[in-house]
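The values are calculated or read from the model by the stated rules, or taken from the named source; none is laboratory data. Bear in mind the structure is a predicted one, so any value in this text is a computation, not a measurement. Cβ sites come from the backbone with ideal geometry, for glycine too, and all protein chains shown count toward neighbours. Calculation scope for accessible area: heavy atoms of the full protein, side chains included, ligands and nucleic acids excluded. Shrake-Rupley method; radii C 1.70, N 1.55, O 1.52, S 1.80 Å.
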4 protein chains.
Amino acid sequence: MLFFENDYGYGAHPKVLEHLAQTNMEPVSGYGNDKFTASAAEKIKAAADCPDAQVYFLTGGTQTNMVVIDTLLRPYEGVVASSCGHVNTHEAGAIESTGHKVLTVPHKNGKLDADDLREYVQTFYADASHDHMVFPGMVYISHPSEYGTLYTRNELERISAVCREFSMPLFLDGARLGYGLTADTDVTLQDIAKLTDVFYIGGTKCGALCGEAVVFTHGNMPKQFVTMVKRRGAMIAKGRLNALQFDALFTDGLYEKICAPAVKLAIKLRDGLKAKGYRFALESPTNQQFIIVENSRLPELQSKVVYSFIEKYDAEHTVIRLATSWATTEEQVDELLSIL
Amino acid sequence: MLFFENDYGYGAHPKVLEHLAQTNMEPVSGYGNDKFTASAAEKIKAAADCPDAQVYFLTGGTQTNMVVIDTLLRPYEGVVASSCGHVNTHEAGAIESTGHKVLTVPHKNGKLDADDLREYVQTFYADASHDHMVFPGMVYISHPSEYGTLYTRNELERISAVCREFSMPLFLDGARLGYGLTADTDVTLQDIAKLTDVFYIGGTKCGALCGEAVVFTHGNMPKQFVTMVKRRGAMIAKGRLNALQFDALFTDGLYEKICAPAVKLAIKLRDGLKAKGYRFALESPTNQQFIIVENSRLPELQSKVVYSFIEKYDAEHTVIRLATSWATTEEQVDELLSIL
Amino acid sequence: MLFFENDYGYGAHPKVLEHLAQTNMEPVSGYGNDKFTASAAEKIKAAADCPDAQVYFLTGGTQTNMVVIDTLLRPYEGVVASSCGHVNTHEAGAIESTGHKVLTVPHKNGKLDADDLREYVQTFYADASHDHMVFPGMVYISHPSEYGTLYTRNELERISAVCREFSMPLFLDGARLGYGLTADTDVTLQDIAKLTDVFYIGGTKCGALCGEAVVFTHGNMPKQFVTMVKRRGAMIAKGRLNALQFDALFTDGLYEKICAPAVKLAIKLRDGLKAKGYRFALESPTNQQFIIVENSRLPELQSKVVYSFIEKYDAEHTVIRLATSWATTEEQVDELLSIL
Amino acid sequence: MLFFENDYGYGAHPKVLEHLAQTNMEPVSGYGNDKFTASAAEKIKAAADCPDAQVYFLTGGTQTNMVVIDTLLRPYEGVVASSCGHVNTHEAGAIESTGHKVLTVPHKNGKLDADDLREYVQTFYADASHDHMVFPGMVYISHPSEYGTLYTRNELERISAVCREFSMPLFLDGARLGYGLTADTDVTLQDIAKLTDVFYIGGTKCGALCGEAVVFTHGNMPKQFVTMVKRRGAMIAKGRLNALQFDALFTDGLYEKICAPAVKLAIKLRDGLKAKGYRFALESPTNQQFIIVENSRLPELQSKVVYSFIEKYDAEHTVIRLATSWATTEEQVDELLSIL
């Protein structure tokens, strides 16, 4: 059975496991007050070229979005996101559970558009009754987006400029950042560190068992952040677990080294399917491909491949997602192409 | 340097790591919909002899307390706990962050007393203005308690009886359950499953890297529990991580096998220190020992042993905690005894 | 200066004030446990022909929406509303402050469409990942809507049918219900009581100083509702204040008697303006009229009339709102027509 | 039937009602943007001699406590109160509903002691694990206290000094402030304005139908306070209602003029009962008297007087509360004395 269901189906990259095993019997203090956490943070700051940054390791993506947004917003503010933003659609109301509204702008190709953002904010402040409304307090974007698309550097710069004009911190959700950085893109990790106020580097989907590294890019971690993390049940006693995985992933460029092949294989898959006449729900340059399949093909496919159902396309077609990961092999892609 | 600071300073028990490594390249679905999760749940249900139970794996203790309490309480209810209950003192207000009050009863030797509990509830309902007060909606106890003490079976039965009389679910926090079950006690895992409505088996402090297994003992998991877990950012994509660790811990009785020596060593330490004339803040039968040390001894001690500061005892003395764990060796305890 | 800014600019209808004054020195118990509250509730139940209903008096509209929605939803649920629903736009995130998401469907002429609602809910349940999404737990509609429009009985019946099919309580916000019931409509108070699960009768905008009467139409007031009201700071000590005003408004049909002339005057204004060639943002049959005015006319208008700015229509025009109320006189409308 | 149940059993003082009636047909803008609100605020600032203060009118006491505390605390902070503080006992968890813990210190004669407060805060900061605990973020006191007792100026000064030392805003709940200011006391309204950061002047229990005036004493109203008030459902459309009542109460010293007789009558009652040999639960200098009555006397008493049951004193006695108010007459007190 071929596995293309998602990019979190396997365990951890072997080097990550190895690092956990090698350090296993070395006792350290808990809650992130340990040398592994310090080491991983330093490596990330070096990789992103942001020496004034503060790095904190959390366990999962929804948790990270919830904690970051909750700690940055004031009580009367909400977070602006594209309508397809993960925080708006698939986090079971985690943001609202902290008392904040997700303010949405229709997405364009999975992304938030800088002009739409500016218009949203200007309209808000122009409204005579905006004191009775939720203030746009920060901006959330995903890179890659929920549809696998990527912002260009120019797009990020323009969003960043709107955010700074209206004093709204910009938060970038990098759950799949590894697959974004290694795609055909002009956006680097350093660009992201420069253009955002906070972002996270996804571990869970990029080679770790769990873990996301939150980077406050310019010494702007909220006061008593650790207490607020604890308050949301998001602090783990063995802080080493999340940190050690990033320590391995940011040694010798492992993070990008293991994501790059996944993207390459996804592009091979995409181009191969295009050659066979398949249509795509949208053009994705990263490790997730959204293809349109005839319903009649699905039963056979299901018997050979694990994939994700996305949505009905029309009466006869369905959109499915095929995802590669650091664990995908070229043989698997070839076999999938031969099946499809 | 000897490490007696806590029971979460090392990584995972080698058999746990081994199980993670052996299953690493086997792809499975995410979010707990996998065979490892199913297997671990079955083993726990068998060990606790509660075939109708539902098991869910979370990542940390505060998170588990927060999720369980939040999902069991109605909006107008609070949770009753002893004044030293972890949810009342050291979770940074996690329970309150979900909108619920922690209702406290003074502790006795670290424990909640059944008669005090009954009186609290009876006084509440007798109060003419109780509609303006927070209703006692459930009861929280820790076993072992925050001070390492243990409930007897009779004490648990009496608390359970009060809970059932007033229709309050009883929740037992078993962050260190392994060290409780293997101490000198008449309380078994099966007793706990019978007498409580929900409890959790601590993994983080008993051999795992992370993970706590929540057991709803009689098919009473709240409706849409998974959505509420997700809403609190408490669901991890690789559900296998928590589950596989419990799958290892509940194979061939590993959980108790690795905790029993830790308790035995703690008792050796306790008795050895008693013989040397040390006094204890209280009598603990489990892996945490709270000893009273002259302040003048601390500088030397600090140079040789990592321990936890608990509180000032008086002008000349300090209470410190020494904790053993599955990773502690008899040599370490002997060396500690020779130092003290 | 003519006052057409809104329908809450004056104090209370004289008969309401009179009732407050006449009962002023009669002492009663607090928090709604008084004979005035009982009397007002009975009158409302009789007027709405719903003998099994439970009536509770709150102070303001946003408060009422917040309390009703918060107490009806389960933690994993949100409220479905039209995109222009007051709870979505102008309540400063009150619903989100209770931890719940507002799930929106684009409005049609200010209203929620039954087919759109059905499709929203069906799409939700058809989504394979809906356990990670906010469940549609109840439905909110305003009657009259935020744009002054009205549901027909058939439209309400169809919405009600969808709600019952999917077990979602239907909540009708009647902040301006008096102006809705007395417009050209086939919807009666009894219809509303039959077709909804809970609704509120607006007092603040229909003759009272403050106060909204929440009606749980079939004995379905949530358990310990009073405690949850208190918990939200929404209970007033002198429960008599809200209740006495409704007691007056529901004596001899005062509520509709004082709202009917306001609607009649609004229609006179509308038709008069139409005759003068004015255009309207939409067709409203109730006491709020949304007219399109040339920007060049505004300075003079502002010097003679207090109105509400709604939004820019285009570069040369603005949408303004003119509202009548129980306090508006025919002379004022005539004078306004002569000015415009 | 004599009414001594509480101080909110009657309507409003006649001059308050009269002011509402006289201004009734004057239209003004809503939500507090009106001249009545401005006028009342100015009168209060003059009376309290705090020209830089900001005044906001809310509707009830629990609402006021909830809004003030929620808007002043940061997410990781709680409010320190005495164990008998209203926010801790009789507000149905309103503070917790906003996500904050009430941190308690045992009360002394109904009051918070400055030394106890200092010790609480010092112990907190001395705790090595205080990052895992709820920070003491502000201090709440009631004056008069829940038991009718009063702080001396010196006691307030000492509490204020601790608050300033640890940068915790001091909030004084003045639900019954009128009865406190007119008792035998050395504390004036100006003292309170000087020594606290925010306080409220109770209207509901001191002559108004509803309404509490929040005073931020030195320009320290939180940013976007109005939006946060709206977000909690605490803003009323007819802001005039609360404001006009205070406008009347702060004209010609009405507030104190009508509370002083109530206190005088309470003292007459107290001294009269003492002369008859009655014992008191504690010594109260204000309008609430807590007396110990033999249970055998209660049936007859109930047939002639409405009072409040407080608690069982012992097997044969009960503590009841007798409260006077601005509406109490000397004849009523004399009659009550003759009955008791």
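Some observations on this one:
- Search result, residues across the range A:94-110 that are open to solvent by less than 10 Å² (accessible area, probe 1.4 Å), touching a Lys or Arg at 6+ places or on another chain (Cβ under 9 Å) and of a type outside the set (Val, Ile, Thr): A:Ala94, A:Glu96, A:Gly99
- Per-region count, the range C:1-13, residues surrounded by fewer than 23 Cβ atoms within 10 Å (Cβ to Cβ) and of a type in the set (Ser, Thr, Tyr): 1
- Under the condition of being of a type in the set (Ser, Thr, Tyr) and touching a Ser or Thr at 6+ places or on another chain (Cβ under 8 Å), the residues counted in the range A:208-261 number 1.
- Restricting attention to the range D:157-183, the residues being touching a strand residue (DSSP E or B) at 6+ places or on another chain (Cβ under 9 Å) and closer than 24 Å to D:Gly207 by Cβ number 11.
- Comparison of B:Val134, B:Val139 shows that the only residue that is open to solvent by less than 10 Å² (accessible area, probe 1.4 Å) and in the same structural domain as B:Thr64 (by TED's automatic domain parsing) is B:Val139.
- Subset tally (residues that are open to solvent by 30 Å² or more (accessible area, probe 1.4 Å) and of a type outside the set (Ser, Thr, Tyr)) for the range D:14-37: 11
- In this structure, C:Val214 qualifies as open to solvent by less than 10 Å² (accessible area, probe 1.4 Å), aliphatic (A, V, I, L, M) and within 14 Å of chain D (Cβ to nearest Cβ).
- Qualifying residue in the range D:73-81 (condition: among the β-branched types (Val, Ile, Thr) and surrounded by fewer than 24 Cβ atoms within 10 Å (Cβ to Cβ)): no
- Among the residues of the range A:193-239, those identified as basic (Lys, Arg) and under 26 Å from A:Leu181 (Cβ atoms) are A:Lys194, A:Lys205.
- Those helices (runs of 4 or more DSSP H) lying entirely in the range D:1-117 with at least 2 residues closer than 28 Å to C:Gly239 by Cβ and facing another protein chain (nearest Cβ under 7 Å): D:14-22, D:61-72, D:94-97
- Residue among D:Thr286, D:Thr328 that alone is modelled with pLDDT of 95 or more, within 30 Å of B:Phe124 (Cα to Cα) and in contact with a helix residue (DSSP H, G or I) (Cβ under 8 Å, 6 or more places away or on another chain): D:Thr286
- Residue list for the range B:231-263, restricted to those being without any contact (Cβ under 8 Å) to a residue 60 or more places away in the chain and farther than 22 Å from B:Ala48 by Cα: B:Arg231, B:Gly233
- Subset of the range C:143-188 [polar (S, T, N, Q), open to solvent by less than 10 Å² (accessible area, probe 1.4 Å) and under 17 Å from the mean Cα position of the chain (by Cα)]: C:Ser145, C:Thr149
- Within the range D:288-324, the set of residues being among the β-branched types (Val, Ile, Thr) and either within 14 Å of another protein chain (Cβ to nearest Cβ) or on the phi > 0 side of the Ramachandran plot (or both) comprises D:Val305, D:Val306, D:Ile310, D:Thr318, D:Val319, D:Ile320, D:Thr324.
- Meets criteria (among the small types (Gly, Ala, Ser), free of Cβ contacts under 8 Å to residues at least 12 places away in the same chain and assigned by TED's automatic domain parsing to the domain that holds B:Ala40) for B:Gly219: no
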